[in-house]
Amino acid sequence: MKIVTPLIAALLITPFASAADLTVTIDNIQMLEGTIMLGLYDEAAYSGDGAVAGATLKVEANAVTTTFEGLAPGEYAMRLFHDLNDDGEMNTNPFGMPVEPYAFSNDARGRFGPAKWEAAKFTVGADGTSHTITMQ
C-alpha cells in the first residue's frame with residue numbers, strides 16, 4: 001500500500017504537468033456595450049462549430065482580457081465577434097455579411113468566410129502564452 005499511494009498520486013498529477021494557460025486580450029473595441037463571444041479551436045474543430053473552449057466577455061472598456069487554463073500545449077486559433085445587441089448571434093445583413101464587429105487570432109482576415117486555419121493559428125507553449133487580437 002505504501003508503494004501504490006505515491007504511484008496513484010503521480011498518475012493523477014502527470015496530466016496537469018503539461019497543461020498551459022492562454023491569456024487573451026481583445027483591444028481596440030470601439031463600442032462600450034454588448035458582449036465579446038470568443039471561441040478557441042484546435043485544427044480539427046476550426047472548420048466546424050465545436051470550440052475547444054469559449055468565453056463570454058462583457059464589454060465595459062476598450063479592451064477585455066480572459067485566461068483559458070489547463071490547455072494542452074499545441075496549435076490553436078480563435079474566432080470572435082462583438083455581440084452588440086446581446087442576442088447571442090452574429091447578426092448579418094440580407095446578403096449574409098456580418099453587421100457586428102468580428103476578428104480572428106493573429107488579426108487574420110477572411111475572404112468570403114472565416115480566416116483560414118493557416119492564417120489564424122498560433123502556438124500555446126508548455127509555459128503558457130499571451131495573445132492579443134485587435135478588433136477591426
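Pairing the Cα long axis of helix 4-17 with the longest principal axis of the chain, what angle in degrees results, from 0 to 90 and rounded to the nearest 10? Approximately 20 degrees, to the nearest ten.
How big is the Cα convex hull of the chain in projection, averaged over all directions, in nm²? Could the numbers behind the result be given before it?
On the way: hull surface 40.4 nm².
Result: 10.1 nm².
log10 I(q)/I(0), Debye, Cα-only segment 13-91, no solvent, q = 0.13, 0.15, 0.17, 0.19 Å⁻¹? Debye output, listed in q order: -0.45, -0.58, -0.72, -0.85.
Dividing the summed helix terms, -39500 (n - 2.57) for each DSSP H run of n ≥ 4, by the number of residues in the chain produces a 222 nm estimate of -4000 deg cm²/dmol to the nearest 500.
Taking every alpha-carbon pair under 8 Å whose residues sit at least 6 apart, segment 19-134 reaches a relative contact order of 35 percent.
Between GLU89 and SER47, the distance separating the two model label sites (each 7 Å from Cα on the Cα→Cβ line) works out to 2.7 nm. Legend: calculated FRET efficiency, THR56 to SER130, from the Cβ-Cβ distance at R0 = 25 Å, rounded to 0.05, equals 0.80. Taking the Cα centre of the chain as origin and assigning +1 to Lys and Arg Cβ atoms and -1 to Asp and Glu Cβ atoms, the resulting dipole is close to 400 debye.
Every number here is computed from the coordinates shown, using simple stated rules; none is lab data. Treat the numbers as computed from the prediction; the structure is a model and nothing was measured. In this analysis, Cβ positions are derived from the backbone assuming ideal geometry, glycine residues included, and neighbour counts consider all displayed protein chains.
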